[in-house]
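In what follows, a single structure is set out as C-alpha cells and then discussed.
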Amino acid sequence: LLERGWEKAALAPLVSPAGLDIGAREPAEIAISILAELILVRRRDADEREEIAPVGEGDATGEEGAAVDPVCGMEVETESARHTLDHEGVTLFFCCSGCREKYARDLALAVDA
C-alpha cells in the first residue's frame, strides 16, 4: 500500500494479521480469533472512555442530528432514537436498551456512593 502511494499515517491503525493468536487454523476459528480481538479493543476503548468521562460527564454530541452513546461511544441518530434517558435536564441517547440500562445502573451506583 505504501508503494501505491498510501500515507503511512493512514495505514497506522491497520493490524496484520488480524485476530488474537489462539492457534486458529479453520475458518470458523480464525473468525472467532478476529471477533475476540474486536471485543478486546472495544472493551479497552470503553474502559478508557469511562476513565476519561465518568457517568454524567463528557461530550455527548456527535454530528448534527446525532449524539454519542455515553456507554459504547456509538453515534446515534437523535430523531429516530428509541433508547433515551433524561438526566439533570439533558437527554442522553443510547444505541440499545442494554447501554441505556448499564448507564442507568452506573448512575444509580454513583448517586448512592
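Considering only segment 37-48, I want to know if a residue exists there that is more than 16 Å from the chain's Cα centre (by Cα), at pLDDT 75 or above and open to solvent by less than 90 Å² (accessible area, probe 1.4 Å). No, that holds for no residue. Looking only at residues in segment 52-74 that are open to solvent by 100 Å² or more (accessible area, probe 1.4 Å) and closer than 22 Å to P13 by Cα, the one that is modelled with the lowest pLDDT is I52.
The values are calculated or read from the model by the stated rules, or taken from the named source; none is laboratory data. Every value quoted in this text rests on a predicted model; they were computed, and no experiment measured them. Only protein heavy atoms, including side chains, enter the accessible area calculation; ligands, DNA and RNA are left aside. Shrake-Rupley method; radii C 1.70, N 1.55, O 1.52, S 1.80 Å.
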